[in-house]
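Can you read through this structure? Questions will come right after.
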Amino acid sequence: MVILVKSKNIITTLIVILIITFSAFNYNKIIDYISRIFSKEPKVILNEPNAYYKKVSYDFVKESETFIPLSIQDIKDIFYSILNRGYDEFTFYCPSEYVSCLDDVNSITNDANTLTHINNFVSPFNNFKAINVTYSQSGEVNIEIEKLYKNEDINTINNKIDEIIKENITEDMTAEDKILKIHDYIINNTKYDTNQTDPKSSTAYGALINNIAVCGGYADSMALFLNRFNIPNFKIASSTHVWNAVYLDNAWVHLDLTWDDPVSSSGEDTILHKFYLIDTPSLEKYKITDHEYDKTIYEELS
């Protein structure tokens, strides 16, 4: 009988030790869970945006004001705001009254097209390469973002942009003068990667450093310069192509460096200005399949 009592005491002591150990290693999670139980509105932590944040809202996605979703549009706005702020990870919470919230989060997470379009409205340096989303039935949604551009590549590109601006841009230039100069510089110094041999050709690194690119590299490069010049812009994507939208003289216009840098059969370098700052009717008159984009997403250019 005495032995049984001692055994029970030992087991009880071990259980207590395990509980204390578990609590020590999971203190923050336990506190968060308790807070979730007793708080009607769990606190969303907003860190400072990074250097490439653009304080802009669009027709398709807007800056989230509360980061508390009440509709699928709110969830899209949260994804946009997270990317736009340059966060590597973020947590938000689905309120109990939004019954289909987690289903809508799952729907957007598995919709590569929607995520790609959202990506086009933020700085290329805040673009994602991959997004990992996990959530619990309590309504907590955790997002982890793998950036398209590594820090060392960003530094290299920024140094190159500094060099190009110093050699080609003067203070007396108008916004359009600057756009034209950079449009021509990128085309004259970049070849289209017809066989997609360069793994970085879809990025600004391919265009500006390796001097070889596909449409993504041309568009990202132009976007980075437009951001430097504080000229409003975003990227437009069809199912086969990507180019730039630019806000100039109170109107949104198209700017497509890829189609202004045609690949000739002789291999000779050619530069055009056919798709340089043109409006949508002018773009559509060419009837190019690459330029058939969703006007419900890029409404500014409709």
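Under the rule that a partner needs its Cβ under 4.7 Å from the first Cβ, which Cys of the chain have none?
For the chain, the answer is C215, because their Cβ atoms have no other cysteine Cβ under 4.7 Å.
Using a 1.4 Å probe, what is the accessible area per residue for the chain, in Å²?
Ligands and nucleic acids excluded, the figure is 56 Å² per residue.
On to the next question. Could you order L277, L46, L208, L148 so the one with the most accessible surface comes first? Probe is 1.4 Å.
The ordering from most to least exposed comes out as L46, L148, L277, L208.
Under a Cβ-only charge scheme (Lys and Arg +1, Asp and Glu -1), can you give me the dipole magnitude of the chain about the Cα centre, in debye to the nearest 20?
The calculated dipole for the chain is roughly 1440 debye.
Given a cut-off of under 8 Å on Cα pairs at least six residues apart, what relative contact order in percent is computed for the range 59-150?
Relative contact order comes out at 30 percent.
State the answer as a single residue: which of T280, N119, L257 lies farthest towards the positive end of the charge dipole of the chain, with beta carbon charges of +1 for Lys and Arg and -1 for Asp and Glu, about the Cα centre.
Farthest towards the positive end: N119.
Mind sorting out which of [x] 58, 47, 35; [y] 111, 38, 33; [z] 98, 38, 38 is the real Cα extents along the principal axes in Å computed from the coordinates?
Correct label is [z].
State which entries of K129/K150; K129/K160; K62/K235; K181/K274; K150/K235 exceed 18 angstrom in Cα-Cα distance in the structure shown.
Beyond 18 Å: K129/K160; K150/K235.
A further question on this structure: What is the chain's relative contact order, in percent, from Cα pairs under 8 angstrom and six or more apart in sequence?
12
Counting DSSP beta bridges with both partners in the chain, what percentage is antiparallel, nearest 5?
95
Rounded to the nearest 5, what % of the DSSP beta bridges within the range 167-289 are antiparallel ones?
The antiparallel proportion sits near 85 percent.
Oh, and also: Report, in degrees rounded to the nearest 10, the 0 to 90 angle that the Cα long axis of helix 27-38 makes with the longest principal axis of the chain.
90
Considering the options A130, H183, I45, tell which one lies farthest towards the positive end of the dipole of the chain, charges being +1 on Lys and Arg and -1 on Asp and Glu at the Cβ, about the Cα centre.
Farthest towards the positive pole: I45.
Additional query: Please give me, ordered by residue number, the GluC sites (Glu not before Pro) of the range 130-221 that lie in loop per DSSP and have at most 15 other Cβ atoms within 10 Å.
E171
With +1 on each Lys and Arg Cβ and -1 on each Asp and Glu Cβ, and nothing else charged, work out how big the dipole of the range 67-151 is about its Cα centre, in Debye to the nearest 20.
400
The values are calculated or read from the model by the stated rules, or taken from the named source; none is laboratory data. Treat the numbers as computed from the prediction; the structure is a model and nothing was measured. FYI the Cβ positions are ideal-geometry reconstructions off the backbone, even for glycines, and counts take in every protein chain you see. Just the protein is used for accessible areas: all its heavy atoms, side chains included, with ligands, DNA and RNA removed. Shrake-Rupley method; radii C 1.70, N 1.55, O 1.52, S 1.80 Å.
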